[in-house]
Amino acid sequence: MENIAKNLKNVLEKIEESKKFSSNAEGQVRLVAVSKLKSIEHIIAAYQVGQRHFGENYVQELEEKSQSEKLQNSCPEIKWHFIGHLQSNKAKKVICLPNIFVIETVDSVKLADILNNASKTSNKIMNIMIQINTSNEPQKSGIIPSELEQVYAHIKNSCKNLNILGLMTIGSYEQSTNVDDLNTDFKNLIECKNKLVEKFAINPNSIELSMGMSHDFDQAVKMGSTNVRVGSLIFGSR
């Protein structure tokens with residue numbers, strides 16, 4: 001656990017170095033420390049050296065951690081990102097958790113409607129991201145790119161208690177380990193954003209791109225990511 005501070009420093013330095021080659025060179029890149037299957041002590045150690053955004057994949061684990069009295073006392077300004085597949089029957093539970101900052105994996109109109117109704121009941125505006133399966137892998141969640149305009153319009157028009165922060169994708173392993181070419185999965189997400197900007201006449205800076213994990217975050221930042229999800233490089237392998 002003593003390496004967490006050093007690891008965080010290394011990742012943040014690599015983000016800053018990669019930003020020099022990015023169209024987002026002047027913008028901010030948010031580091032989300034993926035803490036799934038890691039202890040509360042690991043999270044506190046990262047928090048104590050300045051990390052604030054943490055990502056969890058499982059509802060039950062996020063529920064236990066976010067409601068931990070020890071963690072709440074030690075990390076009062078923590079911001080949780082839910083980054084796993086969210087089943088409809090567990091959506092309401094996530095909305096009510098303390099310090100939930102964003103649900104990054106909204107992948108259907110049905111899920112958006114459930115989250116919107118739960119947010120309305122809780123009298124809150126919930127940040128979300130729309131997950132897109134840019135690699136077209138059947139085992140992955142996310143809408144296909146051609147569905148984006150319809151899903152975006154539905155949420156904007158019918159889900160007033162949801163705030164769309166941006167778009168999220170998980171790159172394929174093949175693309176993430178190909179260092180010779182631009183990652184086409186990330187390129188596809190950028191194209192999705194550009195189409196939204198053109199279709200709905202929105203400010204490009206208002207749509208974040210959540211792409212990049214431990215093995216490809218530097219490439220993602222170079223391509224314009226504003227939100228990277230890094231776990232093993234910070235906390236060690238699981």
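The values are calculated or read from the model by the stated rules, or taken from the named source; none is laboratory data. In this text the structure is predicted, and so the values were computed from the model without any measurement. Neighbour counts are summed over all protein chains in view; Cβ atoms, including those assigned to glycine, are modelled from backbone coordinates with ideal geometry.
Summary of computed values
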| read-out | value |
| --- | --- |
| Subset tally (residues that are in contact with a Ser or Thr (Cβ under 6 Å, 6 or more places away or on another chain) and either in contact (Cβ under 8 Å) with a residue 60 or more places away in the chain or in a helix (DSSP H, G or I) (or both)) for the stretch 30-55 | 3 |
| Close pairs from the stretch 61-79: first closer than 11 Å to Ile40 by Cα, partner part of a helix (DSSP H, G or I) and among the charged types (D, E, K, R), Cβ under 8 Å, at least 6 apart | Leu71/Lys65 |
| From the options Ile143, Ile155, Ile132, Ile128, residue that is in contact with a helix residue (DSSP H, G or I) (Cβ under 8 Å, 6 or more places away or on another chain) and within 19 Å of Leu31 (Cα to Cα) | Ile128 |
| Candidate set from the stretch 96-122 (those that are among the hydrophobic types (A, V, I, L, M, F, W, C) and assigned to a helix (DSSP H, G or I)); member that is nearest to Glu147 (Cα to Cα) | Val109 |
| Number of the exception - Asp218 against (1) more than 13 Å from the chain's Cα centre (by Cα); (2) not in a helix (DSSP H, G or I) | (2) |
| Residue pairs meeting the criteria (Cβ under 8 Å; at least 6 apart or on separate chains; first under 14 Å from Asp107 (Cβ atoms) and touching a residue at least 40 places away in the same chain (Cβ under 8 Å), in the stretch 151-162; second buried (at least 21 other Cβ atoms within 10 Å of the Cβ) and of a type in the set (Ser, Thr, Tyr)) | Leu162/Ser119 |
| Qualifying residue in the stretch 56-75 (condition: outside any helix (DSSP H, G or I), of a type in the set (Ser, Thr, Tyr) and in contact with a helix residue (DSSP H, G or I) (Cβ under 8 Å, 6 or more places away or on another chain)) | yes |
| Lone qualifier among Asn116, Asn123, Asn127 - being without any contact (Cβ under 8 Å) to a residue 24 or more places away in the chain, of a type outside the set (D, E, K, R) and over 23 Å from Ile4 (Cβ atoms) | Asn123 |
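Residues are listed down the side, and each one gets a yes or a no for (1) at pLDDT below 95; (2) within 19 Å of Gly212 (Cβ to Cβ); (3) surrounded by fewer than 23 Cβ atoms within 10 Å (Cβ to Cβ):
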| position | (1), (2), (3) |
| --- | --- |
| Thr105 | no, yes, yes |
| Lys110 | no, no, yes |
| Ile114 | no, no, yes |
| Asn117 | no, no, yes |
| Ser122 | no, no, yes |
| Ile125 | no, no, yes |
| Met129 | no, yes, no |
| Thr134 | yes, yes, no |
| Pro145 | no, yes, yes |
